[in-house]
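First the structure, in the form of structure tokens, and then the observations on it.
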């Protein structure tokens, strides 16, 4: 087995995380202290890579750092540094796509910092540098560490931007994500640039307008719901009385060690015999093993699961129903036709080369209500939409991007992503659903107009 892709992915993620850690801390601290107008402008610019498709980010990097571009040619001629089709070019790509996660998390931590602590240190004659590293950073360390972890995970799994700027060469640029070699090549530079500009325009409009929409939706002070800060305080470790044989067995370190060892042996055996082929069972086993291992006690793990399930009960109840609905949508009859396919085909039938991207977006959004799986949705829609778009003379990238936007669009009112925060705050999905509907309608309108303009002016 070739272990190079794993090694390369880890070193790229590690280096890029180190870069975004210090860069994110610096810029987050600057923006957190900036005037409101400056803060808003910088926030849009620094957050933009988070909402752009990774392939768009990769294309923009190629436009800047390609060997025939001004910056790329200068770096190559002056320093002999080539930032395309080499393994370290992926560091540049992963820094750009993972930076917003570090920046946003660190900025939130800095904005929550109690300035009274800094003032107290100043009265003692401490310098601003000393205050930052010895007072502010320890206070905000949880948020900063969380940002670094998110950035590392994002960099480790990055595909789109990495594939664009460094491709796939076994033993050289290969990563875990870039399993198929694809070297960006096109003769229609104007068409590609138009594709990128449409994505930039839609993302920029959403980022610029959403703060104002959120402000307009903010309730009056009398009707505002304030989260009790004590809910965010971690509970003290639970103490157990161990008297009975059953209690001794539940807390036995010997039993815990044997179980962890058995898990570890099997997981190693699985990967040795099957390679890095992941299935649902082995993934569940790995998480079960990590949960037991990190809690260090069987009883503590059971209690932690019981406590967490209280917040996750909605997910546990809904997902079996989602599985049934998804089954009804994707199952095919004798003729190979599925309900989701019928919906997609309907939008194809009423489309032309101008409206097709917009209607593909809407079709993907509707199907996503019933098939909340990006892979499952693509398996249903891709074979219908892609050939239909090609028959109309529409680039595959445009069709794929319309489907991707639609898939993500209606996730807004399926707030599984918000469940952890809702659980902490003791709120339900209904408490935020009204706001999410407004965001859904606005972002949908912007995307519809963007894709329609794309069809009208760049067909």
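Exactly one residue among 272, 265 is outside the structural domain of residue 429 (by TED's automatic domain parsing) and at pLDDT 90 or above, and that residue is 265. Every listed requirement among (1) at pLDDT below 85; (2) part of a helix (DSSP H, G or I) is met by residue 427 save one, (2). Residue-level check: of (1) out of contact with any helix residue (DSSP H, G or I) (no Cβ under 9 Å at 6 or more places or on another chain); (2) assigned to a loop (DSSP other than H, G, I, E, B); (3) over 22 Å from residue 109 (Cβ atoms); (4) modelled with pLDDT under 70, residue 225 misses just (1).
What do you reckon, is residue 160 touching a helix residue (DSSP H, G or I) at 6+ places or on another chain (Cβ under 8 Å), modelled with pLDDT under 80 and under 15 Å from residue 101 (Cβ atoms)? In short, no.
Does residue 189 count as out of contact with any strand residue (DSSP E or B) (no Cβ under 7 Å at 6 or more places or on another chain) and modelled with pLDDT under 65? So residue 189 fits the description; yes. Return the residue satisfying two criteria in turn: it lies in the range 279-309 and is in contact with a helix residue (DSSP H, G or I) (Cβ under 9 Å, 6 or more places away or on another chain) and outside any helix (DSSP H, G or I), and of such residues it is nearest to residue 251 (Cα to Cα). So the residue we want is 297.
Checked across the range 88-98, the condition of being modelled with pLDDT under 80, surrounded by fewer than 20 Cβ atoms within 10 Å (Cβ to Cβ) and under 30 Å from the mean Cα position of the chain (by Cα) holds for at least one residue.
Does residue 5 satisfy the condition of being in contact with a helix residue (DSSP H, G or I) (Cβ under 9 Å, 6 or more places away or on another chain) and either in a helix (DSSP H, G or I) or modelled with pLDDT of 75 or more (or both)? Spelling it out, it is not the case that residue 5 is in contact with a helix residue (DSSP H, G or I) (Cβ under 9 Å, 6 or more places away or on another chain) and either in a helix (DSSP H, G or I) or modelled with pLDDT of 75 or more (or both).
Inspection of the range 357-364 identifies no residue that is at pLDDT below 80, under 22 Å from residue 445 (Cβ atoms) and buried (at least 18 other Cβ atoms within 10 Å of the Cβ).
The values are calculated or read from the model by the stated rules, or taken from the named source; none is laboratory data. All of these numbers come straight from a predicted model, not from anything done at the bench. Glycine also receives a Cβ, built like all others from the backbone with ideal geometry; neighbour counts cover every protein chain displayed.
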